[in-house]
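The values are calculated or read from the model by the stated rules, or taken from the named source; none is laboratory data. This is a predicted model, so every value here is computed, not measured. No Cβ is skipped: glycine too gets one built from the backbone with ideal geometry, and neighbour counts run over all protein chains shown. All accessible areas refer to the heavy atoms of the entire protein, side chains included, with ligands and DNA or RNA removed. Shrake-Rupley method; radii C 1.70, N 1.55, O 1.52, S 1.80 Å.
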Amino acid sequence: MIETLKTLVNIPSPSGMTEEAIRFAEQELNALGVKTSRLHKGALLATFSGRSGKARLLTAHVDTLGAMVKDILPSGRLRLTQVGGYAWTAIEGENCLVHREEGEAIEGTILIHQSSVHVYKDTNSAERSASNIEVRLDEKVHSREDVTALGIEIGDFVSFDPRFQVTSSGYVKSRHLDDKASVAILLDLAKDLIRYDLPHTVHFLISNYEEVGFGGNAGIPEDVVEYIAVDMGALGDGQHSDEYTVSICAKDSSGPYDIGLRRKFTALCKAHEIAYKVDIYPYYGSDASAAIRAGYDVRHALIGPGIESSHSYERTHLSSMEATRELLNRYVQSTMEEEA
């Protein structure tokens, strides 16, 4: 899982620029002999056949936070527009890549305009916003014309350096663990699913527009009865999730998740001694809730590894990923008729 995760987070894939990450997942599944197909909007669907006509869908998303070039300034720096929701302070000082339509990406750094404390009195106090966060390109540019001569244009995508690390104590630190940690879990789980006599067909949906709100609301096979978003558990004040357990969401900003599925997940955790926490996320929405809003008649749930500092420089622990994988492993082998 960790090697897969390392590869994934180092593939730039802000929402809207996900082809390479989707292709990686596709190749990993095809190498196992898994049947896959593409949705019109670029997401990946994989199917593991089971005995029952009722199917389950597990979804995780490869799209991440990022940015696009909003303006090219006379100084040769770039202004950005956000892709996904995050605080400008979360990317200040981060290295980045500007992805041109042609040629290799160009390196740069994201900085506040008033970055030098020897020049600007308000370096500390200035509010970070779209009007003063800029990309300093690692090229000899001094004007808008210099930048356009490099082939950089308005609308080019900007990706953030993930800075992936695994510590000796088992912590995984990186940008974009939301939700590439869960994609890595599903790709690893696939190695077991191809060997199982599954009671129900299982579909994987590797979605590509979750961070902008509509990743999982199309292309759901007609046989799907249970829709499980595998996404991060959010940590912070007032939260019960942590970095060492699988987080099971009872409610987020979209409302409660299916109580029967939640109880089934907690029962599986208790029966198989899987460390878990039940939690509520006040400012959160998932691909499962997007499917419900789109009108799909499915039971929906949300589980995943606990991620610290979500939408910033994130961290989880290997034990949380393992607990999530084990819960999914037990879930796909259970029947829909089993009482929670």
Handout entry: When residues of segment 154-174 are limited to those that are out of contact with any helix residue (DSSP H, G or I) (no Cβ under 7 Å at 6 or more places or on another chain) and under 17 Å from THR109 (Cα atoms), the one surrounded by the fewest Cβ atoms within 10 Å (Cβ to Cβ)
Key = ARG163
Practice task
Kindly establish whether SER49 is within 30 Å of SER319 (Cβ to Cβ), modelled with pLDDT of 95 or more and among the small types (Gly, Ala, Ser).
Solution key: no
Fill in the blank from the handout: Inside segment 45-61, the number of residues satisfying the requirement of being in contact with a Ser or Thr (Cβ under 6 Å, 6 or more places away or on another chain) and either open to solvent by 60 Å² or more (accessible area, probe 1.4 Å) or in a strand (DSSP E or B) (or both) is 7
Completion exercise
Restricting attention to segment 180-210, the residues that are in contact with a strand residue (DSSP E or B) (Cβ under 9 Å, 6 or more places away or on another chain) and open to solvent by 30 Å² or more (accessible area, probe 1.4 Å) number exactly 3
Handout entry: Hits in segment 211-249 - residues which are in contact with a Lys or Arg (Cβ under 6 Å, 6 or more places away or on another chain) and surrounded by fewer than 17 Cβ atoms within 10 Å (Cβ to Cβ)
Key = VAL225, HIS240
Completion exercise
All-but-one check, ALA291 against (1) open to solvent by less than 40 Å² (accessible area, probe 1.4 Å); (2) under 30 Å from VAL166 (Cα atoms); (3) touching a Gly at 6+ places or on another chain (Cβ under 7 Å), failing number (2)
Practice task
Filter segment 282-318 down to residues that are in contact with a helix residue (DSSP H, G or I) (Cβ under 8 Å, 6 or more places away or on another chain), part of a loop (DSSP other than H, G, I, E, B) and farther than 12 Å from CYS249 by Cα, then give me how many there are.
Solution key: 5
